[in-house]
Every structure is written in C-alpha cells, then in structure tokens.
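This report concerns only the one structure given below.
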C-alpha cells in the first residue's frame, strides 16, 4: 500500500538532491569569482572544488563563513557636521576647564574639521 507513495517519493528525492547540489556548487563558484574580489585565488579554487566534491554541506559553510560574515561587518560610521560641531564644543569646554591643553584642543579640532572637509570634496567635484 505504502509502496505506491514511497517509490515516487524516492525517485523525486533521488533526482532533486543532485540537481540542488549542482546549483549550490555553481552558486559558490559564481559568488567566489564575481562577488569576492578580496578573496585570494587559491581560496576561491579551494571553495569551488570542495563545493563540487562535498555538495550541500560546503555551500552552506561558504554562506555562513564568507557571505554572511561580509554582510555583518559594520563599517565605522563617519560623523556628520553637527556631530563634529558638538564634539568641538565639548573639547572647548574641556579646554576651558583645564582638562586638556590648548595644543591638544587645536590638534583634535583640526582632525575633526578634516573629516568634514574630506566628506565635502567628492560632492564639490560632481558639480
């Protein structure tokens, strides 16, 4: 009785697993070659070969170790103008209170102002 349902299920499973494995291996090859420019060539070759020899497991590991890690890297946020102005005001108060010297205040102020200038330069070149 159950053989009627079991045989088609086994056939479908038997054909779909290799197809899924091949699709995942091709995805690893495509992603490592086109979307991972910083990855070394040898590392790309290893990932591709492993994904074809150990299907399903290696593409999952590739996703967890390479793709997901790249997505979770948080870039350091550059301060905007209002944040820089607030920081300079705080530094000025610290200078007035004697917590930092005049030289320290000037040095830190210059660094903060440079961050604003470097952000404005690319915008000016577009105009």
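The values are calculated or read from the model by the stated rules, or taken from the named source; none is laboratory data. For clarity, every value in this text was computed on a predicted model and none was experimentally measured. In this analysis, Cβ positions are derived from the backbone assuming ideal geometry, glycine residues included, and neighbour counts consider all displayed protein chains.
Considering each of 59, 55, 37 in turn, give the residue that is modelled with pLDDT under 90 and closer than 22 Å to residue 20 by Cβ. Give the derivation first.
Working: 59 fails: modelled with pLDDT under 90; 37 fails: closer than 22 Å to residue 20 by Cβ.
Unique residue meeting the criteria: 55.
Out of everything in the range 1-34 that is in contact with a helix residue (DSSP H, G or I) (Cβ under 8 Å, 6 or more places away or on another chain) and free of Cβ contacts under 8 Å to residues at least 24 places away in the same chain, what residue ends up being nearest to residue 70 (Cα to Cα)?
Here the answer is 33.
Checking the condition in contact with a helix residue (DSSP H, G or I) (Cβ under 9 Å, 6 or more places away or on another chain) and in the same structural domain as residue 117 (by TED's automatic domain parsing), which residue from 60, 56, 100, 48 passes?
The conditions single out 100.
Of 103, 96, which residue is modelled with pLDDT of 75 or more and surrounded by fewer than 10 Cβ atoms within 10 Å (Cβ to Cβ)?
None of the other options fit; the residue is 103.
Against the conditions (1) outside any loop (DSSP other than H, G, I, E, B); (2) at pLDDT 85 or above, where does residue 115 fall short? Just the number, please.
Residue 115 satisfies every listed condition except (2).
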